[in-house]
Amino acid sequence: MPAFSLDPTQTAWCAELRALAAERLRPLAEKGEPGHVNRALVAELGRLGLLERLFTSGAVDLCLMRESLAYACTEAETALALQGLGAHPVHAYGTPAQRERWLPRVAEGSAVAAFALSEPGAGSDAAALELRAERDTGGGAEGDVGEDTEGAAEPPVAEPDGPARWRLTGEKCWISNAPEADFYTVFARTTPGAGSRGVTAFLVPADRPGLTGTGLDMLSPHPIGALAFDAVPVTADDLLGEPGRGFRVAMGTLNLFRPSVGAFAVGMAQAALDATLAHTAERDAFGGKLKDLQTVAHQVAEMALRTEAARLMVYAAATAYDEKAPDVPGRAAMAKLLATETAQYVVDKAVQLHGARALRRGHLLEHLYREVRAPRVYEGASEVQRGIIARELYATMEAGQ
């Protein structure tokens, strides 16, 4: 894997993104209602052309966007990332009709996407999900499940014409953008007792009958909710990928987005580090400046060291993804693990070095302190990432024997 460094074009683009985030996105973010989708912010991301880049660029580009936006406006970063997470399965696995219907609207910011994998009893253990996709015996030939839908008509928005092929029954929980998204990538069990091999992915418009949701009041002000499926109808036209291969859709999406979660974390860590550099250089203490105290200087050095190490691992993983390297799952897990744990450390140290002012509502570090905790949990908790890393290491060892 070659060493990663930004070229002058990338450096200039990151600087431009930081400026756009501060000048155009931050004011919109501040007008948003905590816990709800900020559609004005999403639309502005579309007008700036950033959402379209989710489908035209690689993992490195995605990481550059997420790190740069996170540095100046975490809300904008999260809005962009959630559009990508919810819509990537449609981009990568959807039919032409599905892509034509939804992706242009996602790119322009007029349709909000969501990725519905987690459940009350199946968060980190995604293969244990229990949302049922039961065959509707009211009609439809058994043999045409999973038929070729290339060139199929535009999927219906409400109750499909004729009997549904499946009915979705169960719950999803901790779903970002729920219950306000316009469509959901939903993972449901089509084969009981088959673990990850019995999961199928569906594209489910939000106005399907039987689909309801409620918002959840979380520590960080992201839009997160729970969904209830009461015999929600779906057909073969709503499939994302093949029946029984939905776990492949989920893991393919997460392998792309896990390094970029790390980029989000690096952006927050860098913001906290820069704030700490400025504060310790200006703050009078014990007859000098805070930075003159060796204990402070060493802590700042450690913050910088860890942030840069995390950044390099994030972009190494993103480069591996773009080059279709065989070790992407392990690298993606390492990048997410190191970067999110590092950001937690850096932000916590920054708060300590700032003192009580950093805990005041509205302070940058108070905001980052709330924001930085969740990435260590979502898209696979840190413990899950360690399990993935170990599994990949042993698999590589056994393959070489």
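Could you check which residue among Val296, Val112, Val372 shows the biggest mean-square fluctuation in a GNM of the chain with a 10 Å Cα cutoff?
Looking only at Val296, Val112, Val372, the biggest GNM fluctuation is shown by Val296.
For a test of the definition: using alpha carbon positions, the gyration tensor, and the 1.5 limit on a/c, classify the range 8-108 as rounded, prolate or oblate.
Working: a/c = 2.20, a/b = 1.29, b/c = 1.71.
Taking the square roots of the gyration eigenvalues as a ≥ b ≥ c, the range 8-108 is oblate.
For the range 248-400, what is the relative contact order in percent, using Cα pairs closer than 8 Å and at least 6 residues apart in sequence?
Values: 179 pairs, mean separation 47.3, N = 153.
So the answer I get is 31 percent.
Using Cα springs under 10 Å in a Gaussian network model of the chain, which residue among Gly355, Gly262, Gly49 shows the largest mean-square fluctuation?
Gly355
Which order do Cys173, Cys63 fall in if you start with the one that has the fewest other Cβ atoms within 10 Å? Show your work: numbers first, answer last.
Numbers: Cys173 19, Cys63 27.
Arranged by neighbour count, lowest to highest, Cys173, Cys63 become Cys173, Cys63.
Any idea what the relative contact order of the chain is, in percent, if you count C-alpha pairs under 8 Å spaced at least 6 apart? List each step's numbers first, then the result.
Working: 761 pairs, mean separation 64.6, N = 401.
Normalised by residue count, the contact order of the chain is 16 percent.
Could you let me know the centre-to-centre spacing of the range 7-67 and the range 189-253, using Cα atoms, in angstrom?
The distance from the Cα centre of the range 7-67 to that of the range 189-253 comes to 27 Å.
Give the long-range amide H neighbours of Val377: residues separated by 5 or more places, or on another chain, with amide H under 5 Å away, using H modelled in the peptide plane at 1.01 Å from N.
The answer is none.
Just to be sure I understand: with springs between alpha-carbon atoms less than 10 Å apart, which residue in Gln98, Gln294, Gln352 has the highest mean-square fluctuation in the Gaussian network model of the chain?
Among Gln98, Gln294, Gln352, the largest mean-square fluctuation in the Gaussian network model of the chain belongs to Gln294.
Among the helices of the chain (complete DSSP H runs), which have Cα atoms covering no less than 24 Å along the helix axis and a Kyte-Doolittle mean of at least 0.5?
Qualifying helices, which must be both long enough and hydrophobic enough, are 246-282.
From the helices alone, meaning DSSP H stretches of at least four residues, give me the mean residue ellipticity at 222 nm for the chain, per-run term -39500 (n - 2.57), in deg cm²/dmol to the nearest 500.
Numbers: 12 runs with 199 residues, N = 401.
Taken over the chain, the calculation gives -16500 deg cm²/dmol.
Please order Ile389, Ile175 by the number of other Cβ within 10 Å, starting at the fewest.
On the way: Ile389 17, Ile175 26.
Ordered by Cβ neighbours within 10 Å, fewest first: Ile389, Ile175.
What is the total of Lys pairs in the chain with C-alpha atoms under 25 Å apart, excluding same-chain pairs fewer than 8 positions apart? Before the final figure, lay out each step's value.
On the way: Lys172/Lys336; Lys289/Lys349; Lys291/Lys349; Lys324/Lys336; Lys336/Lys349.
Qualifying lysine pairs in the chain: 5.
Of [x] 178; [y] 149; [z] 161, which is the value of volume of the Cα convex hull per residue in Å³ derived from the coordinates here?
Computed from these coordinates, volume of the Cα convex hull per residue in Å³ corresponds to label [y].
Every number here is computed from the coordinates shown, using simple stated rules; none is lab data. If you're wondering where the values come from, they're calculated on a predicted model, not measured in any experiment. So basically every Cβ, Gly included, is an ideal-geometry build from the backbone, and we count neighbours across all protein chains shown.
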